[in-house]
Amino acid sequence: MKGMNAMNAKLVMSIVFATAMMFCATVCCAQNNVVYYGANSNALDVVFVDTNLSAKVKSAIVADLNLCLSEWGKELSLDLDGSYETEDAPGIIGDLNRPSASPHYPNDIKFPRNIVSNGTAGVALQIPKYLSDAYTNAFALAKANAKAFATANAFVAFVSSTDFADILPNKLPDYLLCKNETPNEIAARAQEIISELGYQTYYQPSILGIKYAHVGPGEPTASNLWMRIPCSTSPYDNEKNWSSFPAIWHDGKWKFSLWVLE
């Protein structure tokens, strides 16, 4: 049992730090935290309002920020024209512009945008304390739900693949949970459902996109673990529309679910 818990813990940490590995050379050599935004992957330093965070926690947060920015962030730009400082936000000198809300974050959390001075010649993205607190809470949730968090990326990778498009109809209920449809009814509509699900492009979730909600089997008293899967559609070649699609942890596996939408 101890060996299994240790293995699960390692798998969770692989989710948190997966994106950090993509940027390891830059971050490790510079000995600071950096995010990348825009079509040309522009580098931007990160500073935290909460000075009590450990270096490990800061790195994990920055890794997740970069995961969110890896695709959606290509549309962002830095605006340093004019003053953004207010009484509630002193020291703000710019804005990380975004044309849409982050599809990775839940609706009650906003992706950081305040730009502050960082030394004599640079600027940085400021991470407010409420956001770093949300991340530390999410890390604790991941530790308590090791298997669910460890398999989240694998689920998204599979449903994004041609293997998912080619599954047998009777296997679809293993990947989809509907409030008002039985497994047999789901299987009967498999071709239609898979076609509809395949219309979108799915991306790896933020650790903030997984949380408990009193929705799903056993509602309204039971809590179910839900995942917000970022997704996009491209009605035009040069444009992406961003949203998210829900999945639920049920019977020891992730499943797409329309429960929340009904």
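Report, by residue number, each residue of the stretch 109-164 that is of a type in the set (Asp, Glu) and assigned by TED's automatic domain parsing to the domain that holds Lys58.
Asp133
Residues of the stretch 54-64 being under 20 Å from Gly119 (Cα atoms) and surrounded by fewer than 19 Cβ atoms within 10 Å (Cβ to Cβ), which ones? Can you show your working first?
Keep residues of the stretch 54-64 that are under 20 Å from Gly119 (Cα atoms), which gives 55, 58, 62.
Passing the criteria: only Ala55.
Does any residue in the stretch 163-190 that is over 15 Å from Ser257 (Cβ atoms) come within less than 9 Å, Cβ to Cβ, of a residue that is surrounded by fewer than 17 Cβ atoms within 10 Å (Cβ to Cβ) and of a type in the set (A, V, I, L, M, F, W, C) six or more places away or on a different chain, and which pairs are these?
Phe164/Phe158; Pro169/Ala188; Ala187/Leu168; Ala190/Ile167; Ala190/Leu168
Considering each residue of the stretch 138-164, count those that are surrounded by 13 or more Cβ atoms within 10 Å (Cβ to Cβ) and in a helix (DSSP H, G or I), and give that number.
Count: 18.
Within the stretch 176-190, restricting attention to residues that are over 28 Å from the mean Cα position of the chain (by Cα) and assigned to a helix (DSSP H, G or I), which residue is farthest from Cys231 (Cα to Cα)?
Asn184
Please name all residue pairs, on different chains or six or more residues apart, with Cβ atoms under 8 Å, provided the first residue is in the stretch 222-243 and is without any contact (Cβ under 8 Å) to a residue 12 or more places away in the chain and the second residue is of a type in the set (Gly, Ala, Ser) and crowded, with 19+ Cβ neighbours inside 10 Å.
Ala222/Gly216
Any residue in the stretch 220-234 that is among the aromatic types (Phe, Trp, Tyr), outside the structural domain of Gly73 (by TED's automatic domain parsing) and crowded, with 20+ Cβ neighbours inside 10 Å?
yes
If you go through the stretch 170-183 one residue at a time, do you hit one that is surrounded by fewer than 18 Cβ atoms within 10 Å (Cβ to Cβ), in contact with a Ser or Thr (Cβ under 9 Å, 6 or more places away or on another chain) and either closer than 30 Å to Asp45 by Cβ or small (Gly, Ala, Ser) (or both)?
no
Would the stretch 199-207 turn up any residue that is closer than 30 Å to Pro112 by Cα and in contact with a Leu (Cβ under 7 Å, 6 or more places away or on another chain)?
yes
The values are calculated or read from the model by the stated rules, or taken from the named source; none is laboratory data. Please read these numbers as outputs of a predicted model, since none were measured by experiment. Counting neighbours? That spans all protein chains shown, and the Cβs are built from the backbone with ideal geometry, glycine included.
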